[in-house]
Amino acid sequence: MIHPRELDNVSCLAMLSFEERAALALRMIEIPVLPGQDILREGSPSSAAFVLLDGQLSVRKRLVVNEQPYELPGILPVGEWFGLVSVLDGAPASARVRAVTAARLGAIGKEDFEALLRSGDPVGPKLLRAWLSSIADQLQRVNESVLMLRLFLEQNKL
């Protein structure tokens, strides 16, 4: 069971009151994860959105450039949502997410999220806005990384 206070560390949920976070926590399940365990596999479907409550997760995105495969690594911070796009539009996972350490996740399934939206409960639209905010933050970080990489390549004439 997820205690509503555990969702206090999820910055995009700050727009929800404690009571709304409590209602959301009741709809979520807690998932313990072992080191080395895959949570999402790139290209595979996901039927839930996850938030990292505690522990450390790695994110790896495969990329092929000029027939040369690369794997871009990253680390998910505590409080970060992932698997959102699969829940929102059914697309497969865009990266692999694996536990680096023992971790605890909160999860809400696609069906539960859709039922929450249909229920008329104000938590549904607020959660959707929170997820869109999370996706926008992630996109901003990606854009900054791309710009930094571009500057590095230009400065080093690569």
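No lab work stands behind these numbers, since they all come straight from the coordinates. It should be emphasised that the depicted structure is a prediction, and the values quoted were computed from it without experimental measurement. As a convention, Cβ positions derive from the backbone with ideal geometry for all residues, glycine included, and neighbour counts pool all protein chains shown.
Note on the range 34-97: semi-axes of the ellipsoid equivalent to its C-alpha gyration tensor, largest first and rounded to whole Å, are 21, 16, 9. By the beta-carbon count within 10 Å of each Cβ, the least crowded to most crowded order of Phe113, Phe18, Phe82, fewest first, is Phe18, Phe113, Phe82. Relative to its Kirkwood radius, the Cα radius of gyration of the range 4-155 gives an Rg/Rh of 1.00. Taking Cα atoms, how many degrees apart are the long axis of helix 18-27 and the longest axis of the chain, rounded to 10 and kept between 0 and 90? Taking Cα atoms only, the helix is inclined about 80 degrees. At q = 0.11, 0.26 Å⁻¹, what is the log10 ratio I(q)/I(0) for the range 1-81, with the Debye formula run over Cα points and no solvent? With one equal scatterer per Cα and no solvent, log10 I(q)/I(0) is -0.39, -1.34. Only Cα pairs under 8 Å and 6+ residues apart enter the sum, and on that basis the relative contact order of the range 4-155 stands at 30 percent.
Could you calculate the contour length gain from Ser94 to Ser119, that is, 0.36 nm times the residue separation minus the distance between their Cα atoms, to one decimal place in nm?
Once the chain is fully extended between Ser94 and Ser119, it gains 6.0 nm.
Between Pro35, Pro69, Pro92, the GNM of the chain built on Cα springs shorter than 10 angstrom shows Pro69 fluctuating the most. Here the range 1-27 and the range 77-128 have alpha carbon centers that stand 13 Å from each other.
So if each residue of separation counts as 0.36 nm, and I subtract the Cα-Cα distance between Val85 and Leu128, what length gain in nm does that give?
On the way: separation 43, 0.36 × 43 = 15.48 nm, distance 1.14 nm.
My answer for the length gained is 14.3 nm.
Residues Lys157, Lys61, Lys110, ranked from the fewest to the most other C-beta atoms within 10 Å, line up as Lys157, Lys61, Lys110.
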